[in-house]
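Here's the structure we're looking at; comments come further down.
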Amino acid sequence: MISPIVSLRFPPQAGPVHTEAPAAAGAWHRCQAIPRRGDAGPAPPSFAQQRLWFLDQLEPNSPLYNIPAAARIQGRLDRKALRRALDAIVTRHEALRTTFATQDGQPVQVITAPCPVPLAVLDLAAHPADDREAKCQRILTTEVQRPFDLSRDLLLRATLVRLREDEHALLLVLHHIAGDGWSLAVLYREMATLYKAFAQGHAAALPALSIQYADYAVWQRQWLQGGVLEAQLAYWRQQLADLTPLELPTDRRARRCKRSGEHAGRASSPRCSVPRSRPSAAKPAGPSS
């Protein structure tokens, strides 16, 4: 049984602004189904991915856009089936095995071949019961704060903590450039399906995906140009035409932070809490989809 054990703060969504120019919004609803891209080489990032890549260049080695979700697993755990489920998830979703290179100063998506997902396993069963939950919390918090290298890392990490023979904590950490909080709920749901099938000796039973995220990114780049782009720009020029520029003392803020040792712009690290009581409901972790 897999149940959520933590409630975590997710970073702001990086999706498109939904207040659109009427003409552009209409074009969105009239568009055709997104096709598969024909080129298997590097693909352009979506506009949301490009923003997150830029922020990563601006502030490297930051965990700010790590999205964590943890679950408590009650009962006997089949680690082999869990590893197979993780591998199948990363094989299924190209975005999780996408790295970001630079061509002519611009980011591109490089989709790597499927590979085994490292599963860090830590055993706390021998620790005193009073210390076990606190140690688990520290382990999960440290893992949540570990940054991703977008140029080389898998964008999904997994950590398993053994608390007792029949109780484990599973943490998944996703970088926001590969998904959001809703995505983690999907991953947990699909992992539960795959784990059950593998633990029972069956083949994976998930329908094939019609498109991958890189297909969407290529389509978005082709769609948002010409008249659609001009309508968006004209709308926002009109909305922002009479605004008074806002002067903020960012230089003073930076100097104060430098003197105090604080990093300007860094948000507080995500926190997770592992309660002692066992949850009674079995449902995927993360926000409801």
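The values are calculated or read from the model by the stated rules, or taken from the named source; none is laboratory data. This is a predicted model, so every value here is computed, not measured. When we count neighbours, we look across all protein chains shown, and the Cβ atoms used for this are built from the backbone with ideal geometry, even at glycine.
Screening A169 against (1) touching a Ser or Thr at 6+ places or on another chain (Cβ under 9 Å); (2) at pLDDT below 95; (3) not in a helix (DSSP H, G or I) leaves a single unmet condition, (2). If you go through segment 173-201, how many residues are buried (at least 21 other Cβ atoms within 10 Å of the Cβ), of a type in the set (A, V, I, L, M, F, W, C) and not in a strand (DSSP E or B)? The total comes to 6.
Only one of R92, R132, R157, R97 is touching a strand residue (DSSP E or B) at 6+ places or on another chain (Cβ under 6 Å), under 30 Å from D39 (Cα atoms) and crowded, with 17+ Cβ neighbours inside 10 Å. Can you tell me which? Unique residue meeting the criteria: R157. Counting only residues that are modelled with pLDDT of 95 or more and either buried (at least 22 other Cβ atoms within 10 Å of the Cβ) or β-branched (V, I, T) (or both), segment 69-85 holds 2 of them. Only one of the numbered conditions (1) surrounded by fewer than 19 Cβ atoms within 10 Å (Cβ to Cβ); (2) closer than 20 Å to Q74 by Cβ is violated by S151, and that is (2).
Looking at the structure I just gave you, is P35 crowded, with 19+ Cβ neighbours inside 10 Å and either outside any loop (DSSP other than H, G, I, E, B) or in contact (Cβ under 8 Å) with a residue 40 or more places away in the chain (or both)? Judged against the criteria, P35 is not a match.
Within the option set L163, L170, being within 20 Å of P116 (Cβ to Cβ), buried (at least 19 other Cβ atoms within 10 Å of the Cβ) and not small (G, A, S) holds for one residue only, L170.
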